[in-house]
Amino acid sequence: MAAVLEGRVDALLLTGGMAYSERVVEKLRGYLEWIAPIRVYPGEDELQALAEGVFRVLTGQEKAKRLWEDGRVEGQPAADTGRLVIGLE
């Protein structure tokens with residue numbers, strides 16, 4: 001990622017359940033801190049966010065859409081036969 005951003009990385013974010021482990025966080029700091037400051041946000045909120053997104057689709061607040069593995073959204077021209085994954089609009 002640092003190479004793609006030409007070294008302009010503001011911060012690296014550690015999230016999810018692993019961020020509760022001081023041992024894991026400190027080990028990752030040793031490998032990554034030279035790239036950018038490390039920010040730690042422990043928690044496993046992705047499941048709640050996913051459930052809330054599904055609720056918005058089911059209640060008509062958002063429209064479901066198809067998201068392809070290569071980042072294309074339904075309706076965009078196909079660059080290849082990427083695998084289909086499901087996303088929310």
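The values are calculated or read from the model by the stated rules, or taken from the named source; none is laboratory data. As the structure is a computational prediction, the values presented were derived from the model and not from experiment. Here the Cβ is made from the backbone with ideal geometry for all residues, glycine too, and neighbour counts use every protein chain on show.
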Restricting attention to the stretch 30-40, the residues that are surrounded by fewer than 15 Cβ atoms within 10 Å (Cβ to Cβ) and assigned to a helix (DSSP H, G or I) number exactly 2
Which residues, counting only those in the stretch 5-21, are hydroxyl-bearing (S, T, Y) and in a strand (DSSP E or B)?
T15
Can you tell me how many residues within the stretch 41-62 are part of a loop (DSSP other than H, G, I, E, B) and modelled with pLDDT of 85 or more?
4
Just give me the residues in the stretch 37-69 being hydrophobic (A, V, I, L, M, F, W, C) and over 18 Å from the mean Cα position of the chain (by Cα), in sequence order.
F55, V57, L58, A64
